[in-house]
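**Student:** Please see the structure below; I have some questions.
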Amino acid sequence: MSPMLPQRAYLGLVLGALALLPACCATRVHAAAGVGAKTADVQTKESQSALSPRQALDRLMQGNARFCAGTSMQRDLPAQVHATAGGQFPIAAIVSCMDSRTSCELVLDQGLGDIFNVRVAGNVIDDDVLASLEYAAKVAGTRLFLVIGHSSCGAIKAAADNVTMGNVPALVARIKPALDAVPASEQPRTSKNHEFVDHVAAANVRHSMQQILEGSPVLRELADSGQILLVGGMYDVETGRVEIFDR
Ligand SMILES: [Zn+2]
């Protein structure tokens, strides 16, 4: 927020601007960006429901293209705080890894209120993750669901090397099916083999997608009836690009 404006005056400006917008549009909260700059909107119930899951996916991929090109949208984040305080209408729910290089809001160029991001090492699925996704679908109206793994993933490397420290074995056990899914011909099957690690990571995304559908009858029914779309993909830590499977 500008230090030049008292808070009430600032809020008055924002609310006044919002009142001028058509209800069908996402709410524009940053009208004062630099000349020629694209500005970011926040999602409303109307903007969320106007997007099909495929259109939402296109929106995220456009965001990734901007991120890679260094043309991410300008966001007045304090203004987005105010604009989203009354509720959230995210266009996607994403399960991704905790890796510090893979923040989905950044790499997909999204702002506050745009996406749910469930982050856990190795983007594995457990009951808490399933509950989070069910909340997104049933309560928040989200219709696009993604699992995004990434290259050079430490959790996958830990699984490949069968790390036994602390609580890691429980995580390794969740990733084990993905290790087994990669053909035995791929050798050596350790963290030293970067190609193997990335193949396991991709298999792990597919396994997590399967776990979502098998572990949540709620999400399964929504997916089977076409009300939600579940897709997988991989983020490349060297290029910044997200590749969606089977697209
Ligand atoms: Zn990772």
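What follows draws every value from the coordinates through simple rules; no lab data is involved. Fair warning: this is a prediction, and the values are worked out from it, not measured in the lab. With ideal geometry, Cβ positions are generated from the backbone for all residues, glycine too; neighbour counts draw on all protein chains shown.
**Student:** Can you tell me how many residues within segment 143-175 are away from the ligand (no atom under 16 Å from the Cβ), crowded, with 16+ Cβ neighbours inside 10 Å and either within 17 Å of Cys97 (Cβ to Cβ) or not basic (Lys, Arg) (or both)?
**Tutor:** The number of residues fulfilling the criteria is 2.
**Student:** (1) in a helix (DSSP H, G or I); (2) of a type outside the set (Val, Ile, Thr); (3) more than 10 Å from the ligand (Cβ to nearest atom): which one isn't true of Gly87, the others all being true?
**Tutor:** (1)
**Student:** Follow-up question, since we're still on this one. Filter segment 126-142 for residues that are among the β-branched types (Val, Ile, Thr) and surrounded by fewer than 23 Cβ atoms within 10 Å (Cβ to Cβ); which is nearest to the ligand (Cβ to nearest atom)?
**Tutor:** Val129
**Student:** For segment 155-167, what are the residues that are hydrophobic (A, V, I, L, M, F, W, C) and touching a residue at least 12 places away in the same chain (Cβ under 8 Å)?
**Tutor:** Across segment 155-167, the qualifying residues are Ala155, Ile156, Ala158, Ala159, Ala160.
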